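Enquirer: I am attaching a structure below and will ask some questions about it afterwards.
The values are calculated or read from the model by the stated rules, or taken from the named source; none is laboratory data. All figures in this text were calculated on a predicted structure; none of them were measured in a lab. Glycine also receives a Cβ, built like all others from the backbone with ideal geometry; neighbour counts cover every protein chain displayed. These accessible areas exclude ligands, DNA and RNA; they are computed on the full protein's heavy atoms, side chains included. Shrake-Rupley method; radii C 1.70, N 1.55, O 1.52, S 1.80 Å.
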Amino acid sequence: MTTDLIDLRAARAADCNALADIHSAAWLGAYRGLLQGVDLQKMVSRRGTGWWRGALARGVDIKLLCVADIPAGYATFGPCRLLDTGMEGEIYELYLKPEYQGLGFGRTLFGNVRKTLRSQRLRGLAVQVLSDNQPARNFYRAVGGKLTAKSWYRLGGRRMELSIYAWPQAN
């Protein structure tokens, strides 16, 4: 028996069902009302267990957060894909199930991923979030992110604005 409440580790193939469940709960909680219902459902349905198995097989870095042995959140991360940010690392996704939000678990996961990126010698960190997702924007500001750029993409014929936050070299 363990006395640790929080476990952070690299995701494994046995975690794919849990990752799909976390993704679905987090996305439905975060984006309902921000994305059109059909578009949201399509995006969630694409991220089933098979998608996560494929991501792990491709070598995607995925950190799983468990609370009292229950999968509660995850982050995907690696080299920065955002041009012109000057950052070498990027958190592609960081999500918690809604019932674990606002309790400090996101900060713990974020801090752990930053350490991992630093150990991979990736200096600086960038994160891209939907600009209408105010809770996510508040979170990234609270952990020291500075809004450095805006971007956008089209989803279902609708222009979606993105906010890019950065943590310069000393990550």
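Enquirer: Quick check: anything in segment 26-48 buried (at least 19 other Cβ atoms within 10 Å of the Cβ) and in contact with a strand residue (DSSP E or B) (Cβ under 6 Å, 6 or more places away or on another chain)?
Expert: Yes - at least one qualifying residue is present in segment 26-48.
Enquirer: Identify, from the list ASP84, ASP21, ASP4, the residue that is outside any helix (DSSP H, G or I), open to solvent by 50 Å² or more (accessible area, probe 1.4 Å) and touching a residue at least 24 places away in the same chain (Cβ under 8 Å).
Expert: Numbers: ASP21 fails: outside any helix (DSSP H, G or I); ASP4 fails: touching a residue at least 24 places away in the same chain (Cβ under 8 Å).
Being outside any helix (DSSP H, G or I), open to solvent by 50 Å² or more (accessible area, probe 1.4 Å) and touching a residue at least 24 places away in the same chain (Cβ under 8 Å) holds for just one of ASP84, ASP21, ASP4, which is ASP84.
Enquirer: Any idea how many residues of segment 90-140 are under 21 Å from LEU35 (Cα atoms) and β-branched (Val, Ile, Thr)?
Expert: Residues flagged as under 21 Å from LEU35 (Cα atoms) and β-branched (Val, Ile, Thr) within segment 90-140 amount to 2.
Enquirer: Another question about this same structure. How many of the residues making up segment 1-47 are of a type in the set (Lys, Arg) and over 30 Å from ARG158 (Cα atoms)?
Expert: Going residue by residue through segment 1-47, those that are of a type in the set (Lys, Arg) are 9, 12, 32, 42, 46-47.
Applying the additional criterion that residues be over 30 Å from ARG158 (Cα atoms) yields 9, 12.
So the answer is 2.
Enquirer: Here is a follow-up. May I ask you to list the residues in segment 137-165 that are in a helix (DSSP H, G or I), open to solvent by 20 Å² or more (accessible area, probe 1.4 Å) and under 22 Å from LEU8 (Cα atoms)? Can you show your working first?
Expert: First, the residues of segment 137-165 that are in a helix (DSSP H, G or I): 137-142.
Subsequent filtering for residues that are open to solvent by 20 Å² or more (accessible area, probe 1.4 Å) retains 137-139, 141-142.
Passing the criteria: PHE139, ALA142.
Enquirer: So which of GLY73, GLY59, GLY50, GLY104 is without any contact (Cβ under 8 Å) to a residue 60 or more places away in the chain and under 24 Å from LEU155 (Cα atoms)? So that I can check it myself, show each step before the final result.
Expert: Numbers: GLY73 fails: under 24 Å from LEU155 (Cα atoms); GLY59 fails: under 24 Å from LEU155 (Cα atoms); GLY104 fails: under 24 Å from LEU155 (Cα atoms).
Just one listed residue meets the conditions, GLY50.
Enquirer: Consider only pairs whose beta carbons are under 7 Å apart and that are at least six residues apart or on different chains; among these, list those whose first residue lies in segment 143-159 and is at positive phi and at pLDDT below 95 and whose second residue is of a type in the set (D, E, K, R) and open to solvent by less than 70 Å² (accessible area, probe 1.4 Å).
Expert: Taking only residues 6 or more apart or on different chains, the pairs are GLY156/ASP39.
Enquirer: Restricting the search to segment 87-125, which residues are aromatic (Phe, Trp, Tyr) and open to solvent by 40 Å² or more (accessible area, probe 1.4 Å)?
Expert: So in segment 87-125, the residues aromatic (Phe, Trp, Tyr) come out as 92, 95, 100, 105, 110.
Passing the criteria: only TYR92.
Enquirer: Is there a residue being modelled with pLDDT under 95, open to solvent by 20 Å² or more (accessible area, probe 1.4 Å) and under 13 Å from the mean Cα position of the chain (by Cα) anywhere in segment 63-79?
Expert: No; the residues of segment 63-79 include none that is modelled with pLDDT under 95, open to solvent by 20 Å² or more (accessible area, probe 1.4 Å) and under 13 Å from the mean Cα position of the chain (by Cα).
Enquirer: Looking at segment 96-136, which of its residues are part of a strand (DSSP E or B) and farther than 23 Å from LEU8 by Cβ? Show your work before the answer.
Expert: If we filter segment 96-136 for residues that are part of a strand (DSSP E or B), which is where we start, we get 96, 125-130.
LEU130 - this is the single residue of segment 96-136 that is part of a strand (DSSP E or B) and farther than 23 Å from LEU8 by Cβ.
Enquirer: Moving on to the next point. For segment 7-18, give me the residue count where each residue is in a helix (DSSP H, G or I), of a type in the set (A, V, I, L, M, F, W, C), touching a residue at least 12 places away in the same chain (Cβ under 8 Å) and over 16 Å from PHE105 (Cβ atoms). Write out each step before concluding.
Expert: To start, the set of residues in segment 7-18 that are in a helix (DSSP H, G or I) comprises 13-18.
From what is left, the residues that are of a type in the set (A, V, I, L, M, F, W, C) are 13-14, 16, 18.
Filter again for touching a residue at least 12 places away in the same chain (Cβ under 8 Å), leaving 13, 16, 18.
Restricting the remaining residues to those that are over 16 Å from PHE105 (Cβ atoms) gives 13, 16.
Count: 2.
Enquirer: I've got another one for you. Answer with yes or no whether ARG53 is under 15 Å from the mean Cα position of the chain (by Cα) and farther than 19 Å from VAL67 by Cα. Lay out the reasoning, then the answer.
Expert: On the way: under 15 Å from the mean Cα position of the chain (by Cα): no; farther than 19 Å from VAL67 by Cα: yes.
No; evaluated as a whole, the condition is false for this residue.
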